[in-house]
């Protein structure tokens with residue numbers, strides 16, 4: 001039976017979701033003429049109230065404030081004494097995604113010799129080693145740092161990938177890092193109540209990531225060349241099934257996926273690319289379907305760790321949308337021109 005902790009956290013998180021930036025806020029922001037006016041629109045939301053207190057003159061200052069807000073928000077969740085153990089497992093496993101992003105950025109830096117841009121969240125950040133990771137010059141330096149942060153499983157992944165400076169080696173290492181992240185997350189969900197729901201959402205995320213890889217590769221005419229970069233642990237689509245798609249034309253993908261929940265995804269990708277001839281349409285469509293499918297799985301449940309998994313997704317999208325919209329304002333780009341890049345959770 002659900003206990004007091006689950007009841008409290010479910011009520012708290014649902015209450016917080018009522019205070020996020022919505023599609024209506026975005027519409028109203030699109031009609032504003034200045035940053036101050038845009039921030040006034042989101043006053044009353046949690047993130048909007050936080051930004052009212054900050055002196056902001058540049059986008060970099062705004063970006064720093066946004067990431068500071070998210071760090072403090074997550075720290076508040078972690079500090080709750082009434083946070084159930086299963087929800088804490090979800091939170092801890094989820095946040096490693098920022099470490100994976102930063103490790104990938106460090107890999108890129110080790111190849112091009114330019115200091116990498118990092119996201120100020122995750123285990124490495126909490127250990128005070130993000131700047132050291134950003135300046136890491138080779139794989140050995142990266143793996144040593146990961147061991148210090150007790151991310152030894154990711155250090156092992158890098159050691160197994162022979163990095164010879166070629167793009168193919170880097171891509172393979174990134175694929176293996178993603179595989180380790182999803183596998184570790186799935187393992188953490190075993191044995192907890194409603195863990196199967198979070199695991200299903202993870203599996204769907206992997207399926208869509210693989211469809212994204214396959215679709216982009218087909219468009220670029222390198223379908224079979226990405227066969228080694230498919231991530232296992234999908235929900236409905238096996239590695240073999242994804243590899244079979246790589247030999248198809250983009251217009252043939254919907255028919256092959258007709259018996260799956262991804263038929264509409266493939267149909268939208270095919271028709272959108274045929275209309276725009278832009279490979280970026282793949283990412284935009286995948287993002288929107290990912291959010292919708294994850295919402296259908298996680299959002300309806302209460303008194304469950306899936307409530308927190310959905311809430312983290314909502315806050316992540318809120319951050320992303322604000323960064324995109326406000327960056328457009330700083331660059332004097334009409335919001336309507338970047339609206340297709342937004343993904344609204346509700």
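Tabulated results
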{"read-out": "Conditions (1) modelled with pLDDT under 95; (2) part of a helix (DSSP H, G or I); (3) surrounded by fewer than 20 Cβ atoms within 10 Å (Cβ to Cβ): number failed by residue 332", "value": "(2)"}
{"read-out": "Qualifying residue in region 186-206 (condition: under 18 Å from the mean Cα position of the chain (by Cα), at pLDDT 95 or above and either outside any helix (DSSP H, G or I) or more than 30 Å from residue 302 (Cβ to Cβ) (or both))", "value": "no"}
{"read-out": "Top-ranked residue of region 25-37 - restricted to ones that are part of a helix (DSSP H, G or I) and closer than 15 Å to residue 331 by Cβ, ranked as farthest from the chain's Cα centre (by Cα)", "value": "35"}
{"read-out": "Unique match (being within 29 Å of residue 217 (Cβ to Cβ), in contact (Cβ under 8 Å) with a residue 40 or more places away in the chain, touching a helix residue (DSSP H, G or I) at 6+ places or on another chain (Cβ under 7 Å) and part of a helix (DSSP H, G or I)) among 343, 282, 314, 307", "value": "282"}
{"read-out": "Residue among 218, 202, 230, 242 that is in contact (Cβ under 8 Å) with a residue 40 or more places away in the chain and buried (at least 19 other Cβ atoms within 10 Å of the Cβ)", "value": "230"}
{"read-out": "Candidate set from region 138-176 (those that are modelled with pLDDT of 85 or more and in a loop (DSSP other than H, G, I, E, B)); member that is nearest to residue 230 (Cα to Cα)", "value": "151"}
{"read-out": "Selection from region 241-279 of residues that are outside any helix (DSSP H, G or I), out of contact with any helix residue (DSSP H, G or I) (no Cβ under 8 Å at 6 or more places or on another chain) and more than 28 Å from residue 342 (Cβ to Cβ)", "value": "258, 259"}
{"read-out": "Any hit, region 38-54, residues being closer than 26 Å to residue 181 by Cβ and more than 22 Å from the chain's Cα centre (by Cα)", "value": "no"}
{"read-out": "Condition met for residue 211 (assigned to a helix (DSSP H, G or I), buried (at least 20 other Cβ atoms within 10 Å of the Cβ) and at negative phi)", "value": "yes"}
{"read-out": "Residues (crowded, with 24+ Cβ neighbours inside 10 Å and either within 10 Å of the chain's Cα centre (by Cα) or under 20 Å from residue 38 (Cα atoms) (or both)) located in region 308-317", "value": "none"}
{"read-out": "Meets criteria (within 30 Å of residue 206 (Cβ to Cβ), in contact with a helix residue (DSSP H, G or I) (Cβ under 6 Å, 6 or more places away or on another chain) and without any contact (Cβ under 8 Å) to a residue 40 or more places away in the chain) for residue 54", "value": "no"}
{"read-out": "Residues located in region 122-137, provided they are surrounded by fewer than 18 Cβ atoms within 10 Å (Cβ to Cβ) and at pLDDT 95 or above", "value": "126, 127, 128, 129"}
{"read-out": "Criterion: more than 26 Å from residue 259 (Cα to Cα) and out of contact with any helix residue (DSSP H, G or I) (no Cβ under 8 Å at 6 or more places or on another chain) - qualifying residue of 176, 159, 170, 148", "value": "148"}
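The values are calculated or read from the model by the stated rules, or taken from the named source; none is laboratory data. Because the structure is a prediction, the values reported are computed rather than measured. Methodologically, a virtual Cβ is constructed for each residue, glycine included, from the backbone with ideal geometry; neighbour enumeration extends over all protein chains shown.
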